[in-house]
Every structure is written in C-alpha cells, then in structure tokens.
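K.L.:
The structure under discussion is supplied below as structure tokens; questions concerning it will follow.
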Amino acid sequence: MPLDPTVLEREFPEFEFNVERGKIREFAMALGLKDPVHFDVEAARAAGYDDLLAPPTFTRQFWHENDENDPMPHLGYDPKRRLHGEQEFEYHKPLVAGMSLRGRNVIVSNREKEGRRGGKMIFVVIETRFVDEGGELVQVARRTLIETAAPPKESE
Amino acid sequence: MSYRAGDRLPEIVKDPIAKVQLVMYAGASGDFNLIHFDDETARSRGLKGVIAHGMLSMAFLGQLTDSAFGAGRTRRLEVNFRGMVNLGDVITLRGAVDEVREERGRALAVCSIEAVNQEGGVVTSGQAEAWMD
C-alpha cells in the first residue's frame, strides 16, 4: 500500500522523556548487564557520571509510548509485510538518570525499490532527536522500516 | 582502552535466550508485540515459536562496545537486522577495529560488529564507533 503523502509532511508533536533510575536498572537487567554503572549510583559517580548511566539503546522504549508522536502507526503499512530493517543511534552526550529530554519524530527519507520478485518495496526512515533541558542534542535515533513487496496473488 | 586497526574486541557469549528474558525486555522496552512471548501468536504468523526482539540483539551489541571501550564511550551504533533469534539460541557478540581516526582531537575507533548464533549464522551486524580517550 502506498504511503499517505500527508503523513510524510506532518510535524509530529514533541514529547517528554524523563530518565528514571528504576527504568535504567530494569532495562539493564533485561539485557543481562552486570556493569554497576547501570545499577549503583556510587559506581556511576566513580566512573564520572552524575547518576546511573542508561545503556546505549535505552531510548527505544519511547517508540511505543504515544501513537500521536510516532509516525509509524500512521504510515499505513501492512503489518504482515512490515520489517524493522535497520537501526542507528548517534550519541552526543551521556544519558543518565534524572535527565529530562524532549524528543521529536520526523520522517527523513521515503523511497521505493523494485522487489526481487517484482512489486514495490518501501523504505521509510524515521529520525528521533532527543534534546536536554538546555536544548543540547543528546541522541539521534534512526529507524529504517521496510514494507516488503506484496506476495503474488494466488490463482483462483 | 586502546585498540589498533585489525584488533578484535573481546568476545561476549550471552546466556541462552529464555522466554523470561523476552518478557523482561518487552516490559523494559515497551515492545509488547506478542510474537516475542506468546507461542500461539508466533505460530499463527508462521513461526516455529516466539522469536527475540531484533532490538535485543542490537542492545547486546551495545554491550559489546561498552564493555570493550568503557560504558558510555560508544559514539554511534548502526545495525542491519538479518536473521531471527529463537528461544535457546546462544548469541555471541564479536567485533573488530577497522580504523582508528582522530576526530575533534580525540581518538575514535570504527568497528565492524556482529551478533551470531550457535550455528554461526549472523543475526545482526553493523558498525560501531567508540571514543578511546
């Protein structure tokens, strides 16, 4: 299904992201991490951070928080053909507990490619920029979503 | 930590993927897609059973660079999701330094990284950059 062109032009609202100690510990535990910088405030401070350090992919939890902020549910993808093909994070400042970030999603790229077995594949890149209270850039996340080509129609 | 081009990053072997880890990761990440912890849903989508979140493999690769260079020194992570991870799979994380370059007066290591399963199949691969000083 072709993407709705109005979604591509839309400005998605800014959202707030408060980085909590408990959530950092929960995330680090789910990954099986052992480094105390994610669990113990004293250890984090000894390592030079103001508070517990978030693991590198931590901001991922914000993608599903609010449909209004996130372009993905509005893209009109067929969920059976949707893939998360690529993911990128750029880190500009350490992310630690107690920070309050503001994030915003933008669709930065939308292209079509011929599928290997015919039909069109659609690639969309959603960029999320997170800034801190001083307006400084903390992280940029880029998600590449792919809608694979529709399967050939079954003969009747 | 200091590395030179051609050096390998210390390998990490994760515990076998267990359903409880997928449930914990679903809660921690907010990704409640049922194919990651409900077998019935997974089978109805043509899978043998539940599969791990792709982003869990990426998070593991973040662990690889953080532990090789020091937590918080990762500057960039970029991956392609290439294969599915099933329950019981043992994921090994490995990487190698392709290049060391100077950026803003600091030494930056550019690495190839990958997560492979017990059969040697690459499930997630990509590139990482980390500060060495």
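What follows draws every value from the coordinates through simple rules; no lab data is involved. No experiment lies behind these values; they were computed from the predicted model shown. Every residue, glycine as well, gets a Cβ built from its backbone with ideal geometry; the counts of neighbours run over all protein chains shown.
K.L.:
Which residue, chosen from B:26, B:86, B:54, occupies the Cα position most advanced towards the positive end of the dipole of segment B:1-91, where the dipole is computed from +1 (Lys, Arg) and -1 (Asp, Glu) charges on Cβ about the Cα centre?
P.N.:
Selected residue: B:54.
K.L.:
Continuing with this model, one more query. Under 21 Å between alpha carbons, and skipping anything fewer than 8 positions from residue B:48 in its own chain: which lysines qualify?
P.N.:
Filter leaves A:80, B:19.
K.L.:
Convex hull over the alpha-carbon atoms of chain A: what's its volume per residue in Å³?
P.N.:
Working: hull volume 21.6 nm³, N = 156.
Here the figure is 138 Å³ per residue.
K.L.:
Round to the nearest 10 and give me the degree value, 0 to 90, for the angle of helix A:21-31's Cα axis relative to the longest principal axis of chain A.
P.N.:
60
K.L.:
Let me ask something additional. Would you mind checking the radius of gyration and Dmax of the protein assembly as shown based on alpha-carbon positions, in Å?
P.N.:
Gyration radius and largest Cα-Cα distance of the protein assembly as shown: 19.2, 69 Å.
K.L.:
Also, quick follow-up: Provide the descending list of Cα extents for segment A:70-156 along its principal axes, expressed in whole angstroms.
P.N.:
61, 20, 18
K.L.:
Calculate the dipole size of chain A relative to its Cα centre from +1 charges on Lys and Arg beta carbons and -1 charges on Asp and Glu beta carbons; express the result in debye to the nearest 20.
P.N.:
Charge dipole, chain A, about its Cα centre: 660 debye, nearest 20.
K.L.:
Where does the Debye-calculated log10 I(q)/I(0) of segment B:1-68 sit at q = 0.16, 0.17, 0.27 Å⁻¹, using only Cα point scatterers of equal weight, no solvent?
P.N.:
Per q value, in the given order, log10 I(q)/I(0) is -0.63, -0.68, -1.20.
K.L.:
How much length would be gained if the chain were fully extended between residue A:100 and residue A:133, taking 0.36 nm per residue of separation minus their Cα-Cα distance, in nm to one decimal? Numbers along the way, then the final one.
P.N.:
Working: separation 33, 0.36 × 33 = 11.88 nm, distance 0.63 nm.
Net length gain for the segment: 11.3 nm.
K.L.:
How tilted is helix B:19-29 with respect to the longest principal axis of chain B? Cα atoms for both, answer in degrees (0 to 90, nearest 10).
P.N.:
With rounding to tens, the tilt is 60 degrees.
K.L.:
Taking only Cα atoms and a 10 Å spring cutoff, compute GNM fluctuations for chain B and point out the largest among B:52, B:68, B:18.
P.N.:
In this elastic network of chain B, the residue with the biggest mean-square fluctuation among B:52, B:68, B:18 is B:18.
K.L.:
OK, next. Place +1 on the Cβ of every Lys and Arg and -1 on the Cβ of every Asp and Glu in chain A, take the dipole about the Cα centre, and give the residue among A:91, A:79, A:44 whose Cα lies farthest towards its positive end.
P.N.:
Result: A:79, furthest along the dipole toward the positive end.
K.L.:
Per the Cauchy relation, a quarter of the hull surface: what is the mean projected area of the convex hull of the alpha carbons in chain B, in nm²?
P.N.:
On the way: hull surface 32.8 nm².
Spelled out: convex hull of the Cα atoms, projected over all directions, averaged, 8.2 nm².
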